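The values are calculated or read from the model by the stated rules, or taken from the named source; none is laboratory data. A quick note: this is a predicted structure, and the numbers were derived from the prediction, not measured. Here the Cβ positions follow ideal geometry from the backbone for every residue, glycine too, while neighbour counts run over all protein chains shown.
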Amino acid sequence: MSQNITKKTMKNLNKTFHLYFEYNEFDSPDIKGSYENMDVSFLNKIAYARKTAGCAFKITSGYRSPAHNAKVGGVPSSSHTIGRACDIYAPTSRQKFLMLSALLDAGFNRIGVANNFIHVDDDPSKSEDVIWTY
Ligand SMILES: [Zn+2]
């Protein structure tokens, strides 16, 4: 069940999240405060992975409004538009290894590996147990 961030659901966000992230890192660049569209359980898993990986998770894309998603060439069905995906800057092979290990350990099973970032989502409408490249 998807649960967006509201005053009511905020309490379900683990303290770990606040150790490593600011809400606005997950904003769609065109809408301030749109991090509220992120799914709480997705963010808790990202925070867990960040803690396990022990390396910085620079979020290059979190929530995307449909307009911003179209602008950056995202597919219309992008998991970013439902707040259940993020891209993490990962330019080196070491960072990719640490992040992949930690994301798998956190329970993620949908991961895209690009030249300098890793996409991860837990979109329930899509295939599980897949890793792809760009
Ligand atoms: Zn992505």
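Of the residues that make up segment 38-49, is at least one assigned to a loop (DSSP other than H, G, I, E, B), away from the ligand (no atom under 12 Å from the Cβ) and either within 13 Å of the chain's Cα centre (by Cα) or within 19 Å of ILE131 (Cβ to Cβ) (or both)?
yes
What single numbered condition from (1) within 15 Å of ASP123 (Cβ to Cβ); (2) of a type outside the set (Ser, Thr, Tyr); (3) in a helix (DSSP H, G or I) fails to hold for HIS68?
All conditions pass for HIS68, except number (1).
Taking the residues in segment 76-91 that are under 23 Å from GLN3 (Cα atoms) and either more than 10 Å from the ligand (Cβ to nearest atom) or aromatic (Phe, Trp, Tyr) (or both) as candidates, determine which candidate is nearest to the chain's Cα centre (by Cα).
The selected residue is ARG84.
Would you say ILE31 is among the hydrophobic types (A, V, I, L, M, F, W, C), buried (at least 20 other Cβ atoms within 10 Å of the Cβ) and at pLDDT 95 or above? Give the derivation first.
Working: among the hydrophobic types (A, V, I, L, M, F, W, C): yes; buried (at least 20 other Cβ atoms within 10 Å of the Cβ): no; at pLDDT 95 or above: yes.
Criteria not met by ILE31.
Looking at ARG94, is it at pLDDT 95 or above, over 18 Å from TYR35 (Cα atoms) and among the basic types (Lys, Arg)?
Answer is yes for this residue.
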